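Let me begin by presenting the structure, written as C-alpha cells, before commenting on it.
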Amino acid sequence: MRLRDRPLGFDRITHHARVTQCLGAVGGQPWFLGVAPPSLVQGDGGDDDDEGVPRGAAGQRYRPPEPGAVRVFVMEGAVVVKVHAGTWHAGPLFAQPCMDFNLELQDTNVVDHTTHNFAQSDGAVFEIEDAHS
C-alpha cells in the first residue's frame, strides 16, 4: 500500500485487539513507529467489571495508554516489525512525501480499530526529530 503525507508527529495511537500486524517498508528508507504496551482488560465482561472501562471497536475492554509509556523507534533498511494484538501503535511515519508498505487485511482498520486521542484526553502531542533529514 502506498502511504502519503505521514508527518513526523502524532496525537493519536491505535490498537487492533484481535490481530497481529506486520509492517515493513519497500525500498529501505527510514521510517518511525510509536508504540505503547497493550492495555486490554481481562475479565468475564460482567456489568460490574465495565464501570469506567471503555470498549473498543471490536468489543474489547481496554485502558487508554499513558503518554509516558509511548516509545518511538526508527526502522532502517529491510526491516519488518511485528505488532502484537492489542499493542498501541502510531505510524508508520516518515519524512518522504510517500512510501510503500506491505498490504494488510483490507478490513482490519474497519472491524478491529480502536484509537486513543492523546491531544483530547491528555493534552499531549508527540513530535519526532529525524536525524536522517
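Give me the pairs: first residue in region 64-77 and at positive phi, second residue open to solvent by less than 40 Å² (accessible area, probe 1.4 Å), beta-carbon distance under 6 Å, and six or more apart or on different chains, which are they?
77/28
How about region 49-82: which of its residues are within 22 Å of residue 125 (Cα to Cα) and in a strand (DSSP E or B)?
62, 71, 72, 73, 74, 75 - these are the residues of region 49-82 that are within 22 Å of residue 125 (Cα to Cα) and in a strand (DSSP E or B).
Among residues belonging to region 27-39 that are assigned to a loop (DSSP other than H, G, I, E, B) and touching a residue at least 60 places away in the same chain (Cβ under 8 Å), point out the one that is surrounded by the most Cβ atoms within 10 Å (Cβ to Cβ).
30
Residues checked against (1) open to solvent by 40 Å² or more (accessible area, probe 1.4 Å); (2) at pLDDT 95 or above; (3) part of a loop (DSSP other than H, G, I, E, B):
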position: 92; (1), (2), (3): no, no, no
position: 96; (1), (2), (3): yes, no, yes
position: 105; (1), (2), (3): yes, no, yes
position: 110; (1), (2), (3): yes, no, no
position: 121; (1), (2), (3): yes, yes, no
position: 130; (1), (2), (3): no, no, yes
position: 133; (1), (2), (3): yes, no, yes
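Kindly establish whether residue 116 is under 20 Å from residue 2 (Cβ atoms), at pLDDT 90 or above and either open to solvent by less than 50 Å² (accessible area, probe 1.4 Å) or part of a loop (DSSP other than H, G, I, E, B) (or both).
no
For region 5-26, indicate whether the set of residues that are on the phi < 0 side of the Ramachandran plot, in a helix (DSSP H, G or I), modelled with pLDDT under 95 and out of contact with any helix residue (DSSP H, G or I) (no Cβ under 7 Å at 6 or more places or on another chain) is non-empty.
no
Which one is farthest from the chain's Cα centre (by Cα) among residues in region 27-45 that are under 17 Å from residue 93 (Cβ atoms) and at pLDDT 90 or above?
Taking the candidates together, the pick is 29.
What about residue 67, is it open to solvent by 50 Å² or more (accessible area, probe 1.4 Å) and modelled with pLDDT of 90 or more?
no
The values are calculated or read from the model by the stated rules, or taken from the named source; none is laboratory data. The model shown is predicted, which means the values in this text are computed figures rather than measured ones. Heads up, the Cβs are rebuilt from the backbone with ideal geometry, glycines too, and the neighbour counts pull from every protein chain shown. Just so you know, the surface numbers come from the protein's heavy atoms only, side chains and all, with ligands and any DNA or RNA stripped out. Shrake-Rupley method; radii C 1.70, N 1.55, O 1.52, S 1.80 Å.
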